[in-house]
Amino acid sequence: MPNSNHPTKTPAALHSCSTVRPKAAIVYDFDGTLARGNLQERSFIPSVRMTKEEFWGRAKEMAEAGDADEILCYMQLVLNRASEWGISVTEDQLRDHGRDADLFPGLSDGSWFERMNSFAADNSLALEHYVVSSGLFEMIMGCPISSHFKRVFASKFIYDSGKAIWPGLAINYTTKTQFLFRINKGIENSWDNERLNAYMPDHERPIPFARMIFIGDGDTDIPSMKMMAHQGGYSIAVYDPNRDHGAIQKINKLISEDRVNFVAPADYQLDSQLDIVIKGILGRVARVACERIIPRQPVGAMLGAELFGQR
């Protein structure tokens, strides 16, 4: 048997790619996908004398009372509560709150990213990793794995003299989809809407949707998952195996309703279910990219057949 630490190349991808490796991307949600819970709950919310239930409940009340966006409301609540307790919200302070993220197994040492990059390279792909999250940009950038991401798109503040004064970017459940298009078109900022809306032929897009994988953790990622599937990409719902049975059933329902291609535990270790599924997808992506295979059936069905030896 081959050594699992040195995965073999997918046979169909061995011989026909050009010298320029096609780009592929894994796009992650953050909270609940890469780390348990929400980063804000680890140390920031306790520092402003609230429980997580009180904080999110208050943000929801603000949104309902003002008929407003809940992400903007929670960001404003961050500023309001910090001010009430005499705490200055700075970039460095928010980064510090992200340093103790409760990452899922296989992530903290960076081995997941190195292994996926190596597997993709062995299959003639150039793999990039992105985050698209409603969480706070600064907290995500403070976490130990931030250096592995090509770009983090997340909610962020505007600063004056180093102090946060206003929500500058709020990414909610539906606006996440525009950032998938930014990745697709190679737009590495949040402000250039002219390029985002401009026509670009599919063959000119740096990372076609067919070479993109989105990993999320449930209801809040459904628009992105559905859009990814509609555009010919792949979506995976991950879950914390320590969650209660009802929460896991809710995740499983996503695949029965054709909202995702796969469901797997949020375990990023070698030979985990997620590890096997992602490698299967990357192998499929490499075959299509390098040999220009035209899928004759839905990608989920075709990939499932390949993974489980039915082709």
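The values are calculated or read from the model by the stated rules, or taken from the named source; none is laboratory data. In this text, all values refer to a predicted model and were calculated from it rather than measured experimentally. All Cβ positions, glycine included, derive from the backbone under ideal geometry; neighbour counts span all protein chains shown.
Yes or no: the range 104-126 includes at least one residue that is outside any strand (DSSP E or B), over 24 Å from TYR173 (Cα atoms), touching a Leu at 6+ places or on another chain (Cβ under 7 Å) and among the aromatic types (Phe, Trp, Tyr). The answer is yes; a qualifying residue exists. Considering (1) farther than 28 Å from LYS185 by Cβ; (2) at pLDDT 95 or above; (3) in contact with an Asp or Glu (Cβ under 8 Å, 6 or more places away or on another chain); (4) of a type in the set (Gly, Ala, Ser), the lone condition that ALA68 does not fulfil carries the number (3).
Conditions (1) over 27 Å from ARG36 (Cα atoms); (2) of a type outside the set (A, V, I, L, M, F, W, C), marked per residue:
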| residue | (1), (2) |
| --- | --- |
| PRO167 | no, yes |
| ALA170 | no, no |
| ASP192 | yes, yes |
| GLU204 | yes, yes |
| ILE248 | no, no |
| ILE255 | no, no |
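The residues of the range 205-236 that are β-branched (Val, Ile, Thr) and farther than 19 Å from TYR173 by Cα amount to a single one, ILE207. The set of residues in the range 244-279 that are assigned to a helix (DSSP H, G or I), touching a residue at least 24 places away in the same chain (Cβ under 8 Å) and among the β-branched types (Val, Ile, Thr) comprises ILE251, ILE276, VAL277, ILE278. Residues in the range 127-144 that are out of contact with any helix residue (DSSP H, G or I) (no Cβ under 7 Å at 6 or more places or on another chain) and in a strand (DSSP E or B): GLU128 alone. Taken as a whole, the structure places GLU84 among residues that are out of contact with any Lys or Arg (no Cβ under 6 Å at 6 or more places or on another chain) and either exposed (fewer than 15 other Cβ atoms within 10 Å of the Cβ) or of a type in the set (A, V, I, L, M) (or both). Taking the listed residues ILE255, ILE248, the one that is in contact with a Pro (Cβ under 8 Å, 6 or more places away or on another chain), surrounded by fewer than 18 Cβ atoms within 10 Å (Cβ to Cβ) and over 22 Å from LYS185 (Cβ atoms) is ILE248, with no other qualifying.
Highlighted here are the helices (runs of 4 or more DSSP H) found entirely within the range 33-77 that include at least 1 residues which are within 18 Å of GLU91 (Cα to Cα) and touching a strand residue (DSSP E or B) at 6+ places or on another chain (Cβ under 8 Å): 39-42.
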